[in-house]
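*Asks:* Mind looking over this structure? Questions follow.
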Amino acid sequence: MAMRLARQWRVGSSQKRQDLITAYLCLLPWMVGFLSFVFGPMLFSLGLSFFRSDLLTSTFFVGFENYRDLFNEDLFWKSLRVTFIYAFSTVPLGSCLALMIALILNQKLLGLGIWRTIYYLPTVISGVAVSLLWLQIFNPRAGLLNNFLAIFGVEGPSWLYSSTWALPSLIIMSVWGVGANMLLYLAGLQGIPTHLYEAATIDGANSIRKFWHVTIPMLTPTIFFNVTIGLIYAFQFFTQAFIMTEGGPNNATLSMVLFLYRKAFLQIRFGYASAAAWVLFAIIITFTLIFQYSSRRWVYYEGEAAR
Amino acid sequence: MSNRLTRRDMLRLSAGIAGTAALAACAPAPAGGDTMAGDSAAASDADGERTQIRFASFDWFANVPGIQWAEYHQDEAFPRYYEEHPEVEILWEPHGDGWSTKVLTNMAAGTAPDVMSTWPPIINTWAEKGQLLDLQPLVDQDVPDADDIFLAAGWDQCWDQITQIRMAMVTNIDVTSVYYSKPAFDELGVAYPEQDWSVDDCAATACALTKKDDDGEITRWGGQLRPSYVLGYFYYVEAWGGMVRDDETLMECMLGEEEALAAFEWIRHNMWDLNCLAQRNQVNASGIPNTWTGVLPADIVAFAERSADQFFDLADQMEEGSWDINHIPTGPVDRVCMGAPDQWCVYKGVADRGNHDDVWNWVKWIGAGEWYQDNVARRSGRLPGLASSADKWPGFLREIDGRLEPVNLEVIVDQLKTGEARGPQLFRFQSVAEELLVPAMEAIYVEGSEPVSILVDISQQVTEAQHATLERMG
């Protein structure tokens, strides 16, 4: 890239040079911000993960000791398990639900704009406010959920106060944020050319066949995007567990980020916490790459077919 | 003339801004400190201006209705101090949410505020990490009678046993007492708790006051122990004659020993087998808006252990004379309750910032000065650390709200003076211990899924974790 830009610089006209300068100047604030506040700290934390450090008194190089200790700690594995269950439950659940809502809102309904706004609205509410709201919903005796279940004669569980139900509670709560995914699916649905449906109708396809053979293939780029971003976010879940359960009861909702937060800011083991952060990063990047690689087999870009 | 910004103009403008920013970034920093406050203090001296003190405090502090802690400081306390010390300027920095994390990050960067509000065990960690100024030499010099004038319950907890430094001055002390609803007792003809009631009396009273409906569902529990933090039950270990950890190294966990297990079993039995003491989840599930201040007014429980911050809420929500305060029940060996201070500590960085003496004068004024300590009671409603101010505390509260006249506020001062109110027995590495103890205690008390005997094994793990941490620190 740099070579190409340098070549462009040499061979380009004065106008092109000015364009390049303008482009760099426009990019500069972001680049400075990225290097200073994202890439720099990332490199620092990578280095820190090989040190025993509290950032206050002492720093010793310990090689891979932090990583070794991490893999020997039961709590780390527990937090990993919690994170995986959460990620691989919320992402499919959220994606399916978002798609379902998008399909409904893609119909010619009365007050469509209002419905779309209503479904998107929860996305703009802060995580803390949402957590406080769901604390009330999950209240075992007075909460909405158990009162609703009681209508059908079902005695609801203790939700957040039970180590069995605390994590499922957070998973249920995650559907609250499907509005953003829904909006992307909606945009995807509206981008599907109508002539494809017309052709399918002429071929005698019913609604279900049209959904599976036209809608889903044409939506695969959106599905790919939503699932990839969803997984990245799900692996980093923290706010809900931090505010609603503090990782409990009995560490049943201890996510990896909460685990590393505790190590860094309560036990003041920044080197160890950095190692945990890099393990999480490795997990996220691995799944992202696998997903990216597999996308060649199942994601369909209309433009590619034309090439 | 055209107002259109051409690309050439834009390029010039951008280059100008970038150049100015680069020059500003390369300009030498003012001499005399590597920190924000250091810079400002040094600059102030050079200009003959006032020396600045960064004062980071909780901004949710006041319990007295209508009083904003931040406003009180800026409108009353600071101007009053400036009358005596016109040479300084105090900069108010509200702690806000996540304050301990932010302060820790500031410490790592060397930019922590000069004076900070805090409490145990956070302060102990800061002391262990060498981030605090040792106030003892200054106390010896300027407050030689400190051991006599401060309430021991708070003052003793300002001394760090590990680093052997005076970590802080006392802001105020929080005390756990028993708050009870008189109508709940009257309704069932149960006698009010007496000053020297025992844990057996407490259990019997709780069961006598527990009400059930026709289906056998409990509609009101007799009592509730201090909720929100299961480690609060550790005070009962001391009441049974046990210890949380050894007194010398602070690393040998003793919660698996006979006395501790007996205390824990008493709580578990009354909470889970008899259910005369409400479980935390039962109160949380009651649907009352505030499970901290609302349990008595809503008749969810008849008596409850709570902090010394209930008075104005209870006065608002209950009829005058319908509630009162009593001591914690006496255990088989001792009577112990929480007496935990909020504190002001000084960041070690002030030694290099050029405002060391001014900072100490301010801390001395708020920690040992009668005007400010009286106002801890008057303005915040909390119990001051200065014994003479604490004595006046019940009177101040009754001046603020006449409905507190029939309430036995003196019990709380008594709890402090008799040694009933004590600091928590903290481990040397408290957060490491809590990582093991909190899940175990939650399993026993929040879920009721484990017997107290699991603490024998957990206790051993805590001790091992303490030693492993010490070893790791080299």
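The values are calculated or read from the model by the stated rules, or taken from the named source; none is laboratory data. Model, not experiment: these values are computed from the prediction. Don't worry about glycine lacking a Cβ; one is built from the backbone with ideal geometry, like all the others, and counts go over all protein chains shown.
*Asks:* Could you please find all residues in the range B:171-190 being without any contact (Cβ under 8 Å) to a residue 12 or more places away in the chain and either in contact with a strand residue (DSSP E or B) (Cβ under 7 Å, 6 or more places away or on another chain) or assigned to a loop (DSSP other than H, G, I, E, B) (or both)?
*Replies:* B:GLY189
*Asks:* Would the range B:64-74 turn up any residue that is under 20 Å from the mean Cα position of the chain (by Cα), in the same structural domain as B:TRP344 (by TED's automatic domain parsing), under 18 Å from B:TRP360 (Cα atoms) and assigned to a helix (DSSP H, G or I)?
*Replies:* Within the range B:64-74, one or more residues are under 20 Å from the mean Cα position of the chain (by Cα), in the same structural domain as B:TRP344 (by TED's automatic domain parsing), under 18 Å from B:TRP360 (Cα atoms) and assigned to a helix (DSSP H, G or I).
*Asks:* A further question follows. If the requirement is being closer than 28 Å to A:GLN190 by Cα and hydroxyl-bearing (Ser, Thr, Tyr), which of these qualifies: A:SER79, A:SER89?
*Replies:* Only one candidate qualifies: A:SER89.
*Asks:* Quick check: anything in the range B:379-393 in contact with a His (Cβ under 8 Å, 6 or more places away or on another chain), of a type in the set (D, E, K, R) and part of a loop (DSSP other than H, G, I, E, B)?
*Replies:* Scanning the range B:379-393 turns up no residue that is in contact with a His (Cβ under 8 Å, 6 or more places away or on another chain), of a type in the set (D, E, K, R) and part of a loop (DSSP other than H, G, I, E, B).
*Asks:* A further question follows. Of all residues in the range B:432-474, which are assigned to a loop (DSSP other than H, G, I, E, B) and away from every other protein chain (no Cβ under 12 Å)?
*Replies:* Residues satisfying the conditions are B:PRO451, B:VAL452, B:SER453.
*Asks:* If I go through the range A:258-275 residue by residue, how many of them are within 21 Å of A:LEU167 (Cα to Cα) and in contact (Cβ under 8 Å) with a residue 60 or more places away in the chain?
*Replies:* Number satisfying all stated conditions: 2.
*Asks:* Check whether at least one residue in the range A:93-110 is of a type outside the set (A, V, I, L, M, F, W, C), under 26 Å from the mean Cα position of the chain (by Cα) and part of a helix (DSSP H, G or I), and report yes or no.
*Replies:* Yes - at least one qualifying residue is present in the range A:93-110.
*Asks:* Quick one: count up the residues across the range B:405-431 that are facing another protein chain (nearest Cβ under 9 Å) and surrounded by fewer than 21 Cβ atoms within 10 Å (Cβ to Cβ).
*Replies:* Total meeting the criteria: 1.
*Asks:* Name the residue that is surrounded by the fewest Cβ atoms within 10 Å (Cβ to Cβ), counting only residues in the range A:144-166 that are of a type in the set (Phe, Trp, Tyr) and either within 10 Å of another protein chain (Cβ to nearest Cβ) or under 20 Å from A:ILE85 (Cα atoms) (or both).
*Replies:* Among those residues, the one meeting the criterion is A:TRP165.
*Asks:* Anything in the range A:243-265 that is crowded, with 20+ Cβ neighbours inside 10 Å and among the aliphatic types (A, V, I, L, M)? List them, or say none.
*Replies:* Once the filter is applied, which keeps residues that are crowded, with 20+ Cβ neighbours inside 10 Å and among the aliphatic types (A, V, I, L, M), the range A:243-265 yields A:MET244, A:ALA252, A:LEU254, A:MET256, A:VAL257, A:LEU258, A:LEU260, A:ALA264.
*Asks:* Look through the range A:35-59, keep the residues that are part of a loop (DSSP other than H, G, I, E, B) and away from chain B (no Cβ under 14 Å), and return whichever of them is surrounded by the fewest Cβ atoms within 10 Å (Cβ to Cβ).
*Replies:* Here the answer is A:PHE50.
*Asks:* Could you tell me how many of the residues in the range A:113-136 are within 30 Å of A:LEU189 (Cβ to Cβ) and surrounded by 13 or more Cβ atoms within 10 Å (Cβ to Cβ)?
*Replies:* Residues flagged as within 30 Å of A:LEU189 (Cβ to Cβ) and surrounded by 13 or more Cβ atoms within 10 Å (Cβ to Cβ) within the range A:113-136 amount to 11.
Matching residues to (1) more than 23 Å from A:SER274 (Cα to Cα); (2) in the same structural domain as A:PHE259 (by TED's automatic domain parsing); (3) of a type in the set (D, E, K, R); (4) touching a helix residue (DSSP H, G or I) at 6+ places or on another chain (Cβ under 7 Å):
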{"residue": "A:LEU25", "(1), (2), (3), (4)": "yes, no, no, yes"}
{"residue": "A:PRO29", "(1), (2), (3), (4)": "yes, no, no, no"}
{"residue": "A:LEU35", "(1), (2), (3), (4)": "no, no, no, no"}
{"residue": "A:ASP54", "(1), (2), (3), (4)": "no, no, yes, yes"}
